[in-house]
Amino acid sequence: MPAIPQYDTLDKLNKLNSNLEEINGISESSEEVSSVAEEAAKEARKDVYALEEAEKKLIDDGLYYYSYRIKKGDMIGVIAEKYGVSQDTLISVNKIRATRTIQIGQNIKIPSLDGILYTVKKDGETAKSIADKYEVSADDVSNVNHVALDTSLKAGQSVFVPGAALDWVTRQEINGDLFRKPIHGYYRLTSYFGWRGSPFTGRRQFHGGMDMACPKNTPIYAAMEGTIVYKGWSNVYGNYVMIQHHSGYKTLYGHMNSFSNLKVGSYVTTNSVIGYVGTTGQSTGYHVHFTVFKNGRMVNPYNLWG
């Protein structure tokens, strides 16, 4: 059986203890210790404690978890690098839907191994079938989860899959990097996705996109590669274009002054100009209304664009 890569907790613990001794030495020999040094000492002690707790939870196959509290300025990618695991691992284990929404003070779990937490989709899946799905070692999946290779698992069970990674689309969605903004230059967000008072009636209504205000005839670009499936007129959106993308995504660009020369059926990339900013339809000024659909449902563009 191939060895499962293990997180070297002992080395990290020794290093943290060494750093803590240095900090404590400064504290004892100096009458005035800066608040920065005191804070560093506190953080070092917390890390030592967390790693000591992790040592207690160590199991034969090398999988254990310990808790980390999010601090100001933390980013999931930086935390992952610091603790020797992948960003995919932290996203999966903590069921993070958007890395931009993690909160200061939030506790996350950090596992000792790289991999993802898989939820069994239907009764009858096995360690071997899951390993085959992710092209990783079946023995590793079996040993870490203490199940035989052919044990029938129940829908809803959680299985840690060492060495597995999230697919590209899922990773981009969660990191907010799936789409490019349709305006590449200057713009100002004048209305967000969600409930708001209508600028026409004053009544509360749901706004299903983002409004990006910018000068008349500013070029509007496709937010992701795809195929133009509609260009035409709507009383609400005025001149608008719809683009079909992969993975069930579709985007709408409204209130255009005019279209580019691209036709329905044209394949576009993020460098393709599809139209120009206007104020057609129900509009209060020059802007592009940008809506994202996922499998037919509107989703917040703010969580998906880089």
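Values in this text are rule-based calculations from the coordinates and carry no lab data. These figures come from a predicted structure and were not determined experimentally. Here Cβ is always computed from backbone atoms with ideal geometry, including for glycine, and neighbour counts include all displayed protein chains.
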- Query: So what are the ³J(HN,Hα) numbers for segment 251-266, from phi and the Karplus equation (6.51, -1.76, 1.60; θ = phi - 60°), rounded to whole Hz, Gly and Pro as x?
  - Reply: 10, 10, 10, x, 6, 5, 6, 7, 9, 7, 7, 6, 9, 4, x, 5
- Any of Lys231/Lys294; Lys71/Lys128; Lys122/Lys294; Lys72/Lys95; Lys72/Lys250; Lys133/Lys294 with alpha carbons more than 27 Å apart? Name them for me. Lys71/Lys128; Lys72/Lys250
- Task: Place +1 on the Cβ of every Lys and Arg and -1 on the Cβ of every Asp and Glu in segment 119-162, take the dipole about the Cα centre, and give the residue among Thr151, Gly124, Tyr134 whose Cα lies farthest towards its positive end.
- Result: Gly124
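So, counting K/R as plus one and D/E as minus one, what does the shell of residues with Cβ under 11 Å around Leu304 add up to? Can you show the working numbers first?
Working: positive: Arg100, Arg180, Lys181, Lys294; negative: Glu173, Asp177.
Value of the local net charge: +2.
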- Message: Using a 7 Å offset from the Cα along the Cα-to-Cβ direction at both Thr270 and Asn217, what is the distance between the two label points in nm, to one decimal?
- Response: 2.8 nm
- Query: So what are the ³J(HN,Hα) numbers for segment 280-289, from phi and the Karplus equation (6.51, -1.76, 1.60; θ = phi - 60°), rounded to whole Hz, Gly and Pro as x?
  - Reply: 7, x, 7, 9, 10, x, 5, 6, 10, 8
- Message: From the phi angles alone, apply the Karplus equation (6.51, -1.76, 1.60; θ = phi - 60°) to segment 140-150 and give each ³J(HN,Hα) in whole Hz, x where the residue is Gly or Pro.
- Response: 4, 4, 4, 5, 5, 9, 6, 10, 5, 4, 9
- Task: Subtract the Cα-Cα distance of Thr101 and Lys121 from 0.36 nm times their separation in residues, and report this length gain in nm to one decimal.
- Result: 4.5 nm
- Rounded to the nearest 20 debye, dipole of segment 188-303 from Cβ charges on Lys, Arg, Asp, Glu: 260 debye
